Amino acid sequence: MKKRAVLLANLGSPDTPQTEDVRKYLEQFLLDPYVIQLPWLLRKLIVNLFVLPSRPQTSAKAYQSIWTKDGSPLITLSEQLNQALQTQVNFPIAIAMRYGNPSIESQLLNLTKNPDVSELLFIPLYPHYAESTVTTSVMEAKRVIKKHKLKVSLTVFEPFYKNAGYITALVNSALPYLQKEYDHLVFSYHGLPELHITKLDKSKKHCLKSNVCCYLPNDAHKTCYRHQVFQTMHLFARQAGLSAKKYSASFQSRLGRAKWLGPNTEDHLRQLAKNGAKNVLVICPSFVTDCLETLEEIEIRGKEVFIEAGGESLTLIPCLNDNPEWVKVLASWCKEPKFDSANIPQ
């Protein structure tokens, strides 16, 4: 009888918030060809000459500001999610990190120690498709399976940006914040260079060719990060009953000089404050687990930016983390990794 195992993957974290560990983590992350999409030599020169000499110190300070007695928030929260999920599923489950520890390789080897495990369900914990998140994680899983000649069949769970269970869990987790008084809700998504979007448009005639490209039917939407984050936002807004003027989208975490998706979150927060917004909420649906990008970049730096521009309060709506409803959704996917299109909000 075939036995299933499940591996969930997130982006990763350094082992400690010290500069040397952060440098090691950043080097692994930035040298990934799916992250900085340049020829190997040019990528290595940019990372070694322009990023690694100074950025690890800056990033280490950021990590230190959110580090807990239990370690990296991303890792500890992921472990809590895994523990909660394991109570609802009767086959082995593990959570791995694409960069840092626990690695995809180590977790795959642990899961397949049991000779009865013949099916592996791989769930990248990124709601929206991007080569720098989904593809690199899947390719790493395939590399490990090939390298170690693991005798397992691999099923990859597709991006879940419009899955009914995900949307409902996200909305319900945010309701306690939405029921209080606020001026505006910002959907802050992780940024992406525009080139990562346009290169996947096989026609070269659709993505980012107009202001409304994400709302016009096109096959490119299957791999278009921008379209998918907007879908999540609009499905959320519809289910939560938000008026169009009450919310907006922005993109955070820029790196380098390439043209990235916009508007930039910090610039957007400044503009909201200048326009008279005093109390804003920020939700980060491209992350299912709180991490540096939410806890430091938004809750600390974003709040400082907003208040300095004239705002009064910025409240970060936590990620799904180990929210019980989210755990039930994940458990249902583990048991039956299929989307039921009838349950996807339209």
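The values are calculated or read from the model by the stated rules, or taken from the named source; none is laboratory data. Not measured: the values here are computed from a predicted model. Please note: Cβ atoms are built from the backbone with ideal geometry, for glycine as well, and neighbour counts cover all protein chains shown.
Numbers at a glance
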{"item": "Every pair of residues 6+ apart whose Cβ atoms lie under 9 Å, when the first sits in segment 104-124 and is exposed (fewer than 15 other Cβ atoms within 10 Å of the Cβ) while the second is of a type outside the set (Lys, Arg) and in a helix (DSSP H, G or I)", "result": "Leu109/Val144"}
{"item": "Members of segment 147-201 found to be of a type in the set (Ser, Thr, Tyr) and part of a helix (DSSP H, G or I), listed by number", "result": "Tyr166, Thr168, Ser173, Tyr177, Thr198"}
{"item": "Filter result for Tyr99 (crowded, with 22+ Cβ neighbours inside 10 Å and part of a strand (DSSP E or B))", "result": "yes"}
{"item": "Residues within segment 1-33 that are charged (D, E, K, R) and buried (at least 20 other Cβ atoms within 10 Å of the Cβ), tallied", "result": "1"}
{"item": "Near pairs, Cβ below 7 angstrom, 6+ apart or cross-chain, from segment 44-71 (not assigned by TED's automatic domain parsing to the domain that holds Glu297) to any residue that is of a type in the set (Ser, Thr, Tyr)", "result": "Pro56/Thr19; Gln57/Thr19; Ala60/Thr19; Thr68/Thr76; Asp70/Thr76"}
{"item": "Selection within segment 11-69 - closer than 19 Å to Ala96 by Cα and either of a type in the set (Lys, Arg) or assigned to a strand (DSSP E or B) (or both)", "result": "Leu11, Gly12, Ser13, Lys24"}
{"item": "Residue within segment 284-293 that is β-branched (Val, Ile, Thr), in contact with an Asp or Glu (Cβ under 6 Å, 6 or more places away or on another chain) and over 18 Å from Met233 (Cβ atoms) present", "result": "no"}
{"item": "Members of segment 166-208 found to be in contact (Cβ under 8 Å) with a residue 24 or more places away in the chain, among the polar types (S, T, N, Q) and either surrounded by fewer than 17 Cβ atoms within 10 Å (Cβ to Cβ) or under 22 Å from Thr265 (Cβ atoms) (or both), listed by number", "result": "Asn172, Ser173, Ser188"}
{"item": "Restricting segment 218-251 to residues that are of a type in the set (Phe, Trp, Tyr) and crowded, with 20+ Cβ neighbours inside 10 Å, the residue that is nearest to Ala164 (Cα to Cα)", "result": "Phe236"}
{"item": "Any hit, segment 271-281, residues being closer than 22 Å to Gln231 by Cα and either surrounded by fewer than 16 Cβ atoms within 10 Å (Cβ to Cβ) or touching a residue at least 24 places away in the same chain (Cβ under 8 Å) (or both)", "result": "yes"}
{"item": "Lone qualifier among Leu85, Leu121, Leu109 - being in contact with a Cys (Cβ under 9 Å, 6 or more places away or on another chain), outside the structural domain of Tyr225 (by TED's automatic domain parsing) and part of a helix (DSSP H, G or I)", "result": "Leu85"}
{"item": "Residues of segment 105-122 satisfying the condition of being farther than 12 Å from Leu154 by Cβ and within 22 Å of the chain's Cα centre (by Cα)", "result": "Glu105, Ser106, Gln107"}
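Conditions (1) at pLDDT 95 or above; (2) under 18 Å from the mean Cα position of the chain (by Cα); (3) of a type in the set (Ser, Thr, Tyr), marked per residue:
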{"residue": "Ser65", "(1), (2), (3)": "yes, no, yes"}
{"residue": "Gln80", "(1), (2), (3)": "yes, yes, no"}
{"residue": "Gln83", "(1), (2), (3)": "yes, no, no"}
{"residue": "Thr87", "(1), (2), (3)": "yes, no, yes"}
{"residue": "Glu131", "(1), (2), (3)": "yes, yes, no"}
{"residue": "Ile145", "(1), (2), (3)": "yes, no, no"}
{"residue": "Lys151", "(1), (2), (3)": "no, no, no"}
{"residue": "Gly165", "(1), (2), (3)": "yes, yes, no"}
{"residue": "Ala169", "(1), (2), (3)": "yes, yes, no"}
